[in-house]
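Student: The structure's right below; bear with me while I get my questions together.
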Amino acid sequence: LRFPDAMKTAKEDIDEEEYEAIKEALKGALVEINEFRSEEGSVLEQDFLDRISSLNNLLEEVIKIDPDRQSTIRERLEKAVQDLKADVDANRFEQELIYYLEKYDITEEKVRLANHLDYFGKTLKSDDSNGKKLGFISQEIGREINTIGSKANYAPMQQIVVQMKDELEKIKEQMLNVL
């Protein structure tokens, strides 16, 4: 309190004309911000829709090559047994073959991934604030893609999975702009 001018208050008032000019400039800036946000949101929405469409197309490729993958796995297993040059109980071999084919089955993952992609699109179009929900759905999409990749055991399908992961990563990057 002993410092000079510590208790002194200087108040400079602006006149009504300056106040109105500042108020109008601020209103105009807020309108422009909202327009920019709306335009940016539309661009982001289209980007998300394009990437989800791309993921759907890649999923269709996975579905298309899955029968080839299954037959390739079956052939590899049969060849491995033949290379053993041992007598194998045909019944037991068939059981083991079924076990491995079920282990590599990706039917559930394909269905869940398709559902997650559809749900992402529906959530994107809803009127609610949904950035966090979209983030959660994209995590679920990633889980399904990773599971397909780990079960694929087939190079052409793993190449598609890499493309899917790339698209999903771009979605997640854009998601940071939404949250």
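Every number here is computed from the coordinates shown, using simple stated rules; none is lab data. Quantities reported herein were computed from a predicted structural model and do not represent experimental measurements. Here the Cβ is made from the backbone with ideal geometry for all residues, glycine too, and neighbour counts use every protein chain on show.
Student: Kirkwood Rh and Cα-based Rg: tell me the resulting Rg over Rh for the stretch 46-136, rounded to two decimals.
Tutor: 1.23
Student: Here's another thing I want to ask about it. For helix 155-178, report the angle its Cα long axis makes with the longest principal axis of the Cα atoms of the chain; keep it between 0 and 90° and round to the nearest 10°.
Tutor: Orientation of helix 155-178: about 10 degrees from the principal axis.
Student: Additional query: In the structure shown, do any of Lys122/Lys172; Lys110/Lys165; Lys27/Lys132; Lys110/Lys170; Lys133/Lys165; Lys64/Lys165 have a Cα-Cα gap over 25 Å, and if so which?
Tutor: Beyond 25 Å: Lys27/Lys132.
Student: Here's something else I'd like to know. Okay, helix-only estimate at 222 nm for the chain: each DSSP H run of n ≥ 4 adds -39500 (n - 2.57), divide by all residues, round to 500 deg cm²/dmol; what do you get?
Tutor: Result for the chain, helices only: -29500 deg cm²/dmol.
Student: Please report the net charge: other residues with Cβ closer than 12 Å to the Cβ of Asn57, K and R +1, D and E -1.
Tutor: -2
Student: I would also like to ask the following. State to the nearest 20 debye the size of the charge dipole of the stretch 30-99 about its Cα centre, where the only charges are +1 on K and R beta carbons and -1 on D and E beta carbons.
Tutor: 500 debye
Student: Round to the nearest 10 and give me the degree value, 0 to 90, for the angle of helix 131-152's Cα axis relative to the longest principal axis of the chain.
Tutor: Here the helix axis deviates by roughly 20 degrees.
Student: Taking K and R as +1 and D and E as -1, what net charge do the other residues with C-beta under 12 Å from the C-beta of Arg76 add up to?
Tutor: Every neighbour counted, the sum reads 0.
Student: Between Glu140 and Glu24, how many nm apart are label points set 7 Å from Cα along the C-beta direction?
Tutor: 5.2 nm
Student: Could you work out the relative contact order of the stretch 50-179, using alpha carbon pairs under 8 angstrom and six or more residues apart, expressed as a whole percent?
Tutor: After rounding, I find 37 percent.
Student: While we're on this one: Just name one of Gln158, Gln174, Thr9: the one whose Cα is farthest towards the positive end of the charge dipole of the chain (beta-carbon charges, Lys/Arg +1, Asp/Glu -1).
Tutor: Gln158
Student: Note down the magnitude of the dipole of the chain about its Cα centre, charges +1 on Lys and Arg C-beta and -1 on Asp and Glu C-beta and zero elsewhere, to the nearest 20 debye.
Tutor: Charge dipole of the chain: 1000 debye, to the nearest 20.
Student: Further question: Can you give me the Rg/Rh ratio for the chain, using Cα atoms for both radii and the Kirkwood formula for Rh?
Tutor: 1.39
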